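What follows is a set of notes on a single structure, which appears directly below.
The values are calculated or read from the model by the stated rules, or taken from the named source; none is laboratory data. Only a predicted model underlies this, so the values are computations on that prediction, with no experimental measurement involved. Virtual Cβ from ideal backbone geometry, glycine too; neighbours counted across all protein chains shown.
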Amino acid sequence: MAVQEALFHCTCTQPFSRTRPPPAEAPLAQYEHHALSDLLFCEDCDAIRCNQCAACEVACYYCPNCLFEVPSASVRGEKNRCARNCFQCPQCDHSLSVVASDPDPSIPLSSAAASVGEPPYLLSCNFCGWDSKQIGMTFEKPTGLALQLQKAEEPSADLLEYDHIKDHFDPFLRRSQAEASGSGGIPSTSTAGTGSVSARLFQDPVGLAARYGLSGVTVGGSNRARLAAAEARTGLDELSPYSSLSPSRGGGRQGSSRDARKGKEPRREEDHVEEEAELLAALREMTDWETVAGVDRRWNSSWKPPVLSKDLRPLRTPLQAKLSKRCPTCLHILIKPEQKSNSVRFKIKLVAANYLPQITVYRRPPASIGSRLSTIGTTASRRSRTGGSGFSSGDSQTTDDEPLRPGRTYTYELSFVNPLYEPIHVRLAVARPGAHKLLAEGETAPPPTFAAHLPTSTFPVAAYAEDWEFEDAEPEEDEMIAEEQAATGAGGGDGRTSPSKRSRKNGAGIVERRMNRTTVAMDVAVARDAVGPLKASMLVTYVYQADDEPAPPPSPTKSPQKSGSAPEVKSFSFWTLIPLGTVLPAGAPTSQLFLDLLQVSPVRARPQLINEDSARALVRAWGVDKMHDVTVVDTYSGPGGLAKAYLELPNVKNVICIEDAFRYRPFLDRLKGEYGDRITTVERDPFTWEAYSEVEQQGLLDDVPTVGFERVHPNFFFSGQLPNTVFGQQLFVQLVSAIAGHMWYFQRGRMQMGFLGPSPLWNKLFAKPGDAHYHKLSVLLHPLAEIEQTEILSQLLPADHHFHRPRNDPGQTSAVKVTPRAKSLVKSYDALEYVTRHMFVSKATPWRKALGSIAPGAGNLVPRLIEQGVVDDDRLVNQLTLEDWIKIADTFDAWPFRPTTLFDEYAFESDRI
Ligand SMILES: [Zn+2]
Ligand SMILES: [Zn+2]
Ligand SMILES: [Zn+2]
Ligand SMILES: [Zn+2]
């Protein structure tokens, strides 16, 4: 395991409590814990501050191109963009230069001298070669271009709309401001704490409640009361509904008063149509892709993105800002950059790394590899770092990222680096896993996923000193060690001491004390049923004797305290999150796919096969390896466990994956990197028919021949990993029933299909007459296809070794193969569907009675059916065999008085199969 950093908890999300740790599990843990390098420290509150709670304000605005500082007063007037000669290339974002029409070829285009020469002047990009002449933009003078461009921007739709919104809200804002100041509503800065900040954040948008008739359930009572009072006084809610200048759809807008004011012709419907027609013509004549502006280019023009590249305009360079940060509680400044735009220094910089010990975690390789080797490794890695101030981010000498195994015990080394000039004494406590959860009454805590033991929970860390001070001290230490080794006669050739020796020297549990770094050991026993990433919440308390010198040394290294008079013992506590590694279930495969997916959260109700051995066995059991030049359509591909198994077969030509879960995309992309053109991903929801037509529209099935239904299609296979929801069932039924009219992909022939799906679905499908769960599904699909369960050796069990799925998911997944019959066993699938749908409603009724109720007069069919051999007794609907059903359906279909519309439009939605 590489050396990792512990994360620190900021108390802005949850107040500090010694007994209750912050959540250690994703997703909350990620938001509440931060890397030490991201944190600030407020000396006055003696508290950690993170970027989420620190209040930001702009220290200065500047142009990143010319580094000119723009006074905040003019920022607004210049619309947040540089008013000097700074422009961005519309094609590549590189900065543009002003050049004359006859530039001196000896002068580089980017230099200022290039703009001396004959007018007209133009903007030119010396990166991509774009120039403004292409879009008919030239200038008479080489100066003041920004103003000209800004003038050109002025009537643009987004600015007009923005002004329109401003005009709309202005009176309202002014009135509410007046009201607030009148009633002394502005909180004084001294008392304005986090409370008021968050109160302002969470208050209702004024007027929302009244306008949309929200009740007190959603709007806070006090806010509602305040709102009502405000309304009563000033009639705040007189604000009329806002109507935008340019509607998002259509474009046929009535001329607004603003247009009239500006003396412009109202935009007419015909103009819009004409524009669209022009655009369409341009697109038709388009010969290369570059005619159309890239999406990233279009994002820059927020309102009405130009479609063609020739409509892109150069943009004035957007300004950037340097930010100061304040403590949200005491409002003291934590970070203040120097005002000058070209300076990277800070006037005030209270970063937490100067106050809190840096904590790194390292997991020792298992003892079997050899403890001697491992100590050398860690000591060496530690030696390569200077003990003092540096962060060791990106430290990854040890690349052994082996997962944890349940039931084993691991040893971790926790290193503490003291940034203070005083020695500190650290006390550690590891919270019981899951201790952050508040248990409901009667609820018992789940068993812990691990148990941590610290042989030494209190230890000293030496004070920080400048590097040269350590250099003086170091030889002594080494000499001492060498002496010690000589004395015991155990002098190693490398001159390093064994861990046991160090332990003897420093006491149990302390691995090493070196300069201002102390490393202690921690043993972690992983529970037998633990799976997934493990993180320990550790409470760190450090105590130090505050110096009685009147003024502590100037920043950056100062202890977190107000300068006290007497020597005092100060202490500070905080929660940290220690990454321990990821537990793999015992016996689980250690394939790359499996390991990588441990870090990805699964999609609910969608178990995805990721056991590569079983996937290989499965595609063989489905017989794909015996087909020729196969094209496979794989739906709900997930991370591509099945797809990979197909691609490994030499007779598989193409695999088309239909998958829209974004989290699995990197995995499918990886397959693409490996297998190139043989795999295509269609990012569509496989539940929609559009997904399947898109596969055809993209021409992905063009080389799949159409084969008559008398034989099984030798080149075409379909597979799917069904979600274990009602939608998964619906999809399965729809796909298989498409066989009935040779619809969908069955137009190309008798395509075989393989499905992974929830076992309850298969139980319904294979239920026998008389079974309690005998279901119309058992009757419906078998006449269309031979459906058999696919057995493979592993039986896909245990599920945790096979599927990427939510933890503790009780569902079971198994496989079936569907081979369409050359000839359906029923004459009309619709008739079968109709009679089963209507008769299974009352499945515990004698069939003769049930048949009579499906349509007026249907009872007359009973004698005819008995003639054909359907039993003449009080057998229940639930007990009819498939043959009986086929006879009923065929007889019903041939009956001249049957209802003409058999398909019930509403049945699909209401019927849960
Ligand atoms: Zn915070
Ligand atoms: Zn500029
Ligand atoms: Zn360019
Ligand atoms: Zn503060």
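Quick notes
- Sole residue being outside the structural domain of Y542 (by TED's automatic domain parsing), in contact (Cβ under 8 Å) with a residue 60 or more places away in the chain and within 30 Å of N85 (Cα to Cα), chosen from K325, K340: K340
- Members of the range 579-631 that are buried (at least 19 other Cβ atoms within 10 Å of the Cβ) and at positive phi: G581
- The residues of the range 686-706 that are surrounded by 12 or more Cβ atoms within 10 Å (Cβ to Cβ) and polar (S, T, N, Q), listed by number, are T688, S693, Q698.
- Among the candidates P22, P15, residue that is over 26 Å from K322 (Cα atoms) and in contact with a helix residue (DSSP H, G or I) (Cβ under 6 Å, 6 or more places away or on another chain): P22
- Filter pass, D38 being of a type outside the set (A, V, I, L, M, F, W, C) and under 30 Å from S571 (Cβ atoms): yes
- Condition check for L735 on (1) buried (at least 21 other Cβ atoms within 10 Å of the Cβ); (2) under 37 Å from the mean Cα position of the chain (by Cα); (3) over 18 Å from Y829 (Cβ atoms): one failure, at (3).
- Residue match in the range 790-807 (condition: surrounded by fewer than 21 Cβ atoms within 10 Å (Cβ to Cβ) and assigned to a strand (DSSP E or B)): yes
- Test: G673 is more than 14 Å from V633 (Cβ to Cβ) and either of a type outside the set (D, E, K, R) or more than 27 Å from the chain's Cα centre (by Cα) (or both): yes
- With respect to the conditions (1) farther than 30 Å from R405 by Cα; (2) touching a residue at least 24 places away in the same chain (Cβ under 8 Å), L796 lacks only one, and its number is (1).
- Looking across the range 599-621, just one residue is among the polar types (S, T, N, Q) and assigned to a helix (DSSP H, G or I), and that is S614.
- Test: L642 is buried (at least 18 other Cβ atoms within 10 Å of the Cβ) and over 29 Å from the mean Cα position of the chain (by Cα): no
- Wholly within the range 1-82, strands (runs of 3 or more DSSP E) carrying at least 3 residues that are away from ligand 2 (no atom under 16 Å from the Cβ) and surrounded by 14 or more Cβ atoms within 10 Å (Cβ to Cβ): 7-9, 33-35, 40-42, 47-49
- Elements of the type helices (runs of 4 or more DSSP H) sitting completely within the range 622-725 and holding at least 3 residues that are farther than 18 Å from M743 by Cβ: these cover 641-648, 665-675.
- Scanning the range 315-339 for residues that are within 15 Å of ligand 2 (Cβ to nearest atom) and at pLDDT 85 or above yields R316, T317, P318, L319, Q320, A321.
- Filtered residues of the range 294-310 (kept if without any contact (Cβ under 8 Å) to a residue 60 or more places away in the chain and more than 28 Å from the chain's Cα centre (by Cα)): P306, V307, L308
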